[in-house]
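Here the structure comes first, spelled out in structure tokens, and everything after it is commentary.
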Amino acid sequence: MYIHENFSVNNENHLEIGGCDCVYLAKKYGTPLYVMDENVIRKNMRTYKNSIEKYYNSNGMVLYASKAFCALKIYRIAKEEKIGVDVVSGGELYTAIKAGFDLKNVYFHGNNKTFEELEFAIENGIGQIVVDSIYELNLIDEISKKHNTKTNILFRIKPGVDAHTHEFISTGQIDSKFGVALENDEAYEIIKIAKEKENVKIVGIHCHIGSQIFELEPFKEAAKVMVDFMAKIKMNLVLKLKNLTLAVDLVLNI
């Protein structure tokens, strides 16, 4: 019996995932057991990647959110599908490195990165670090100076957009613990400070407005707010940003 693209019930009345009998899997590997359908994961990655290529002339990069599932295999799949990844800890970054992932396509997120994690990232030539605070900005500049390098950074911005989702998973409002706010000029001031530092290179801005969002309007509004902010930066700070990232948590249908 067909249930979904990769779910079915076989002749023995056993659930199958990706053609694999779940009763057999449970007997062989024990439970609890996580079962991932690699074909569907690859298909979803390609869907987003193809959309960027088709509608934005390839001017963008799809990122796999490591927090969804961090393992050597998933990074190797992302590498083969030619997409990037974001990591939020030293452990996730270490796993990506062990998988042979190209670090220029890795974004290091998180509002509580430690000194050791930042140093590990910079030592290994991380592609981009998304900065959450003035404290973190100063750490990155200090560590980069120590290692005689210049680190690419983006800033996580709180755009003040209502994500139309549960308040516990809304992350773009001014009282969120993530990032710097637009309403009180905190975002503008931190970029102004960063522009004067010698060991960081500002390459873009980033925002994440929440999870489990099922409407397009919040993303349209966030994009407008962020682009307007980029224009303000360019006009007042004579700073041209290459990257604008709007993050959305999407559950892979596996």
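The values are calculated or read from the model by the stated rules, or taken from the named source; none is laboratory data. Here the structure is a predicted model, which is why all the values come from computation and not from measurement. Neighbour counts run over all protein chains shown; Cβ positions are idealised from the backbone, glycine included. Heavy atoms of the whole protein, side chains included, go into the accessibility calculation; ligands, DNA and RNA do not. Shrake-Rupley method; radii C 1.70, N 1.55, O 1.52, S 1.80 Å.
Below is a table of values for the structure above.
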| read-out | value |
| --- | --- |
| Verdict on Val23 being surrounded by fewer than 18 Cβ atoms within 10 Å (Cβ to Cβ), of a type in the set (A, V, I, L, M, F, W, C) and touching a Cys at 6+ places or on another chain (Cβ under 8 Å) | no |
| Any hit, segment 28-43, residues being within 29 Å of His147 (Cα to Cα) and open to solvent by 40 Å² or more (accessible area, probe 1.4 Å) | no |
| Glu189 at pLDDT 95 or above and out of contact with any strand residue (DSSP E or B) (no Cβ under 6 Å at 6 or more places or on another chain) | no |
| Selected residue [modelled with pLDDT of 90 or more and closer than 20 Å to Lys104 by Cα] from Lys201, Lys197 | Lys201 |
| Top-ranked residue in segment 69-87 [being more than 17 Å from Lys43 (Cβ to Cβ) and part of a loop (DSSP other than H, G, I, E, B); ranked as nearest to the chain's Cα centre (by Cα)] | Cys70 |
| Test: Asn112 is open to solvent by 20 Å² or more (accessible area, probe 1.4 Å) and closer than 20 Å to His206 by Cβ | yes |
| Pair list, Cβ under 7 Å, 6 or more apart: segment 128-156 residue closer than 10 Å to Leu118 by Cα and modelled with pLDDT under 95, other residue open to solvent by 10 Å² or more (accessible area, probe 1.4 Å) and in a helix (DSSP H, G or I) | none |
| Selection count where residues are surrounded by fewer than 22 Cβ atoms within 10 Å (Cβ to Cβ) and in contact with a Cys (Cβ under 6 Å, 6 or more places away or on another chain), scope segment 115-160 | 0 |
| Whichever residue in segment 93-107 is open to solvent by 30 Å² or more (accessible area, probe 1.4 Å) and not in a helix (DSSP H, G or I) and, among such residues, is farthest from Arg156 (Cα to Cα) | Gly100 |
| Residue within segment 66-82 that is crowded, with 16+ Cβ neighbours inside 10 Å, at pLDDT below 95 and closer than 27 Å to Ala222 by Cα present | yes |
| Any hit, segment 108-115, residues being in a strand (DSSP E or B) and either closer than 25 Å to Gly179 by Cβ or within 18 Å of the chain's Cα centre (by Cα) (or both) | yes |
| Qualifying residue in segment 72-79 (condition: farther than 23 Å from Tyr107 by Cβ and in contact with a Lys or Arg (Cβ under 9 Å, 6 or more places away or on another chain)) | no |
| Odd one out for Tyr56, checked against (1) without any contact (Cβ under 8 Å) to a residue 60 or more places away in the chain; (2) under 30 Å from Glu119 (Cβ atoms) | (2) |
| In segment 43-64, the residues that are of a type in the set (A, V, I, L, M) and in a strand (DSSP E or B) | Leu63 |
